[in-house]
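Q: First the structure, then my questions, so here it is.
Any read-out appearing in this document is the output of simple, stated calculations on the displayed coordinates, not a laboratory observation. On a predicted model such as this, the values are computed, not experimentally measured, just so you know. Every residue, glycine as well, gets a Cβ built from its backbone with ideal geometry; the counts of neighbours run over all protein chains shown.
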C-alpha cells in the first residue's frame, strides 16, 4: 500500500540556519511522482516541486534543494539560510501512475523560523 | 495567471444542514480533485473528476456528493452536516499527465 511518512512533526530553527525536512515513501508502483507543498499560515497549498521516479537528479531552486534517493525511498527537502517567511507546514505527497494521480500526503512538518 | 477559484472561502452551518462548495479549475485543466483537511491533519482525498466524469473516489461519506459541470466547474454537496465535517476543503486541478495539482485557497467549513 502507498504511504508517506514525515517523521518530524515540528522543527524550530533560528533565521539563517539550514534545515532539512525528511520524507519517506512506500509504493509498489515503479512509476510514481513525489511532490512538496508549502502551507503558510494563510492556509493555501503552494506547489514547490514534482519529481518522477525515473529522475533521481537532485534539484536546486534558489535556497531550496531536494534530494531524491530511490534506494532509501526518501525525498528530502533542504532550505538553506532559512528566513522567517519560510515558516509554514510542509507536506510531502506521493502520486502513483496506476490510477487517477490522486495525492497521498504525509502528515506534514511544521517549520518555525525564529528571528 | 488564472488560479483555482473556490467559493465561498468561509462557511458556517448548523448540524444537519446542507452545504455546497464550488470550485472553478484553471482554464483547460481536465481533472478536478477534492480534498478534506481536518484541523492539524494532512489533506485527505475525497473524489476526482476527469473530463466531467467521476474518475476516483476516496473516503468520502455517503452524505457527500459531487459533480463536474459542462463548464468544468465542480460542486461538492454535503448534507446532514456533522460536527466532524468541520474542516478545510480544497479543490485542485491538473492538466493531463503533467500531474501537478494546483490548489485553490480552500473553503473553511465550520459546523456548529
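For every residue, the table says whether it meets (1) away from every other protein chain (no Cβ under 11 Å); (2) in contact (Cβ under 8 Å) with a residue 40 or more places away in the chain; (3) at positive phi.
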position: A:9; (1), (2), (3): no, yes, no
position: A:15; (1), (2), (3): yes, yes, no
position: A:19; (1), (2), (3): yes, yes, no
position: A:22; (1), (2), (3): yes, yes, no
position: A:28; (1), (2), (3): yes, no, no
position: A:43; (1), (2), (3): no, no, yes
position: A:46; (1), (2), (3): no, no, no
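Q: If a residue must be closer than 13 Å to residue B:19 by Cβ, within 14 Å of chain A (Cβ to nearest Cβ) and crowded, with 22+ Cβ neighbours inside 10 Å, how many such residues does segment B:67-93 contain?
A: 1
Q: If you don't mind, another one. For residue B:6, indicate whether it is in contact with a helix residue (DSSP H, G or I) (Cβ under 9 Å, 6 or more places away or on another chain), in contact (Cβ under 8 Å) with a residue 40 or more places away in the chain and surrounded by 13 or more Cβ atoms within 10 Å (Cβ to Cβ).
A: no
Q: Considering segment A:98-115 alone, what residues qualify as being in contact with a strand residue (DSSP E or B) (Cβ under 6 Å, 6 or more places away or on another chain) and in a loop (DSSP other than H, G, I, E, B)?
A: A:100, A:101, A:102, A:106, A:108 - these are the residues of segment A:98-115 that are in contact with a strand residue (DSSP E or B) (Cβ under 6 Å, 6 or more places away or on another chain) and in a loop (DSSP other than H, G, I, E, B).
Q: Out of (1) in contact with a strand residue (DSSP E or B) (Cβ under 9 Å, 6 or more places away or on another chain); (2) under 30 Å from residue B:54 (Cβ atoms), what's the single condition that is false for residue A:30?
A: (1)
Q: So, one more: Which residue is farthest from the other protein chains (Cβ to nearest Cβ), if the candidates are limited to segment B:16-55 and must be on the phi > 0 side of the Ramachandran plot and out of contact with any strand residue (DSSP E or B) (no Cβ under 7 Å at 6 or more places or on another chain)?
A: B:16
Q: Being out of contact with any helix residue (DSSP H, G or I) (no Cβ under 8 Å at 6 or more places or on another chain), on the phi > 0 side of the Ramachandran plot and within 11 Å of chain A (Cβ to nearest Cβ) narrows it down to one residue among B:96, B:58; which is it?
A: Being out of contact with any helix residue (DSSP H, G or I) (no Cβ under 8 Å at 6 or more places or on another chain), on the phi > 0 side of the Ramachandran plot and within 11 Å of chain A (Cβ to nearest Cβ) holds for just one of B:96, B:58, which is B:96.
Q: Condition (residue is closer than 30 Å to residue B:7 by Cα and not in a loop (DSSP other than H, G, I, E, B)) applied to segment A:55-77: is it met by at least one residue?
A: Checked segment A:55-77: no residue is closer than 30 Å to residue B:7 by Cα and not in a loop (DSSP other than H, G, I, E, B).
Q: Check whether at least one residue in segment B:51-61 is in contact (Cβ under 8 Å) with a residue 40 or more places away in the chain and surrounded by 14 or more Cβ atoms within 10 Å (Cβ to Cβ), and report yes or no.
A: no
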